[in-house]
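Working notes, structure below.
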Amino acid sequence: MSNPLRALQTSKSRLAGGICSLLLACASHQAQASLIQLDASQSQVTYSSTFVICDPLGCAPPAPQTFTLSGALQVDVQRKTFTVGFLPTDPTIEVDLIQFTPVALNLNGADAIGFSFPTFVGILNGNTYVGKEDPCTLSLLQGMNCMSMGSFGDFEATYDGHTLSVEGTDPHNGIFNSFRYRFVGQSIASQAVPEPGGLALTALAGLAVIRRSRQG
C-alpha cells in the first residue's frame, strides 16, 4: 500500500526541483562542477522519532537508527544574476548557489525508510551556503509573490573548492519523525560548465581508481 504522506513529500520535492530548475535556466550564470568523494567515517544520516511507543516494559520513543553515507556526488557552484521583478529594466542581484547531485552514492538503507538526499539549491550567506526545500525560495529572492505549505528540509554547507561539509534535516511523515544528516568529502575532479554526463563518467573512473588502489 502506498504511503500518501511520502507521496506528497516526493511530489513536493519534485515541484521544488522543477521550479528551481526553471528559474536557474532563466538566469545568466558562471558554473563550476566538482566530483566529491565522501569520507564514510564522517558521513551519516540518523533517523529519529519523538512518537512514544508503549510495550510491557514501558513507554518510550524508538531508538535512533544511523546509516553510513559513502560514494561520490557532484557539486555544482554557480554565480547567478537574477532580475528582481518582471521587466528587463528592473534591478538585478548576483547570488552564489550550490547544488548536489548523487553520482555513485550509497545511502546504505536510509533511502529504504524514506530519506531523501538534498538536491535543492543552497544560497551563499557569508561563508555558508543555506538551503531550504521550500519551492518558493528563489521566487521570493526575486521579489515574486509565492505561497507554500508543509514541512521542508534544510541544510547548511561550507565548500572551499576542495572540502565539502554539509549538515541538514529532512522531515519524514509529519512532525514526529525526521532525518538528520552530515556528509564530508574531498574533491577528486572538477571542470567548468560540464557537458551532460561528463562528470558522471569521471566519477565512475575515479571510483574505479580508488577501489584498485585500496585492493592493491
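Numerical summary
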item	result
Pairs with Cβ under 6 Å, 6+ apart, first in the stretch 88-100 and under 19 Å from Val121 (Cα atoms), second among the acidic types (Asp, Glu) and surrounded by 12 or more Cβ atoms within 10 Å (Cβ to Cβ)	Gln99/Asp76
Unique match (being modelled with pLDDT under 70, polar (S, T, N, Q) and within 20 Å of Tyr129 (Cα to Cα)) among Ser34, Ser28	Ser28
Where Thr163 falls short, out of the listed (1) among the hydroxyl-bearing types (Ser, Thr, Tyr); (2) at pLDDT 75 or above; (3) loosely packed, with under 14 Cβ neighbours inside 10 Å; (4) more than 25 Å from Gln78 (Cα to Cα)	(4)
Subset of the stretch 145-160 (residues that are of a type in the set (A, V, I, L, M, F, W, C) and surrounded by 16 or more Cβ atoms within 10 Å (Cβ to Cβ))	Phe152, Phe155, Ala157
Filter result (touching a residue at least 60 places away in the same chain (Cβ under 8 Å) and of a type in the set (A, V, I, L, M)) within the stretch 123-170	Leu138, Leu164, Val166
Candidate set: the stretch 104-144, residues that are among the hydroxyl-bearing types (Ser, Thr, Tyr) and part of a strand (DSSP E or B); chosen: the one surrounded by the fewest Cβ atoms within 10 Å (Cβ to Cβ)	Thr128
Qualifying residue in the stretch 187-206 (condition: at pLDDT 75 or above, among the small types (Gly, Ala, Ser), in a loop (DSSP other than H, G, I, E, B) and within 14 Å of Gln74 (Cα to Cα))	no
Some residue of the stretch 46-58 being surrounded by 13 or more Cβ atoms within 10 Å (Cβ to Cβ), polar (S, T, N, Q) and under 28 Å from Ser187 (Cα atoms)	yes
Residue match in the stretch 73-90 (condition: in contact with a Phe, Trp or Tyr (Cβ under 6 Å, 6 or more places away or on another chain) and surrounded by fewer than 18 Cβ atoms within 10 Å (Cβ to Cβ))	no
Test: residue in the stretch 167-183 that is on the phi > 0 side of the Ramachandran plot and modelled with pLDDT of 65 or more	yes
Residues satisfying the stated conditions in the stretch 77-116, i.e. modelled with pLDDT of 95 or more, over 19 Å from His162 (Cα atoms) and within 14 Å of the chain's Cα centre (by Cα)	Leu107
Of all residues in the stretch 59-72 being without any contact (Cβ under 8 Å) to a residue 40 or more places away in the chain and not small (Gly, Ala, Ser), the one that is surrounded by the fewest Cβ atoms within 10 Å (Cβ to Cβ)	Cys59
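The values are calculated or read from the model by the stated rules, or taken from the named source; none is laboratory data. Predicted, not measured: the structure shown is a model, and the values here were computed from it. Heads up, the Cβs are rebuilt from the backbone with ideal geometry, glycines too, and the neighbour counts pull from every protein chain shown.
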